[in-house]
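Here is the structure we will look at.
Values quoted throughout were computed directly from the atomic coordinates according to the rules given, and no laboratory measurement underlies them. A quick note: this is a predicted structure, and the numbers were derived from the prediction, not measured. Glycine gets a Cβ as well: all are built from the backbone with ideal geometry, and neighbour counts include every protein chain shown.
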């Protein structure tokens, strides 16, 4: 199976001095996900947690919602062009008996492998019609989080990124309690893959929906990440950078709490502010 990191020779220039040295890089390899033997999607990922990635991907697509709906996931032997060996870059997901297998069409493949693809309205409709666990949009919802707790999450995320410290080239997604306790963290070259690995592991452990959790991601909050949070029943998504307009639209429509530019004690709350313990003056002014 592929390694998480690889070594490459680099020429290093520092203050005019030139030297050669080995450098540690994050590995990137394609993963083809098949469903019942039929190709579904290809993603570029960091090897590791491939079965969780595939399971989480199918959660975000509305195919899976519980471990009981999953029969097994296997690597495909003979997947290389020469055949006869296991490439560890192709996985096949088998659903449990009685679980419907969705039609795999070109339109579906475009939608699932791209953060754009269909138009905004179609994308929003797709999430609304396939979400298994509607988020609680009541102001009296029991999920509440202090802004100070959110402010501490980026540093906790970075401190737990073991591979990033060696390569500087990985995104991360972490699952926290509303008290700021780290539950799980995954790293990958793709932030969407990191989230799929988080969600897939939760599915495998019978923990979906994640209704009392906060999802913290490095980088920006795209529509795709907001979609994955909603499909896993996660009520709060926080990111260190900006959200996209479609991510905000989805958050408003579904009741997702969406926080961006989470840096130090500063943050922007784009939707779902009812879950934050804000003062009356702050929430109205």
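Find how much the distance from residue 182 to residue 96 grows on full extension, using 0.36 nm per residue of separation minus their present alpha carbon separation; answer in nm with one decimal.
So the chain would gain 27.8 nm between residue 182 and residue 96.
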In whole angstrom, how long is each semi-axis of the equivalent ellipsoid of the stretch 147-284, when you take the square root of 5 times every eigenvalue of its Cα gyration tensor and sort them from largest down? 22, 17, 14
Length gained when the stretch residue 146-residue 71 is fully extended (0.36 nm per residue, less Cα-Cα span): 23.0 nm
For the residues 171, 192, 274, what sequence is obtained by ranking on other C-beta atoms within 10 Å, fewest first? 274, 171, 192
Spin-label proximity, residue 132 to the stretch 191-218 - amide N less than 14 Å from point 7 Å beyond Cα toward beta carbon: 199-211
For the stretch 147-284, share of DSSP beta bridges that run antiparallel, in % to the nearest 5: 65
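Can you tell me the length gained on complete extension of the stretch residue 10 to residue 268, counting 0.36 nm per residue apart and subtracting the Cα distance?
88.9 nm
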Ranked on Cβ counts within 10 Å of their own Cβ, fewest leading, 44, 231 go 44, 231
Counting alpha carbon pairs within less than 8 Å and at least 6 residues apart, what relative contact order, in whole percent, applies to the stretch 145-236? 27
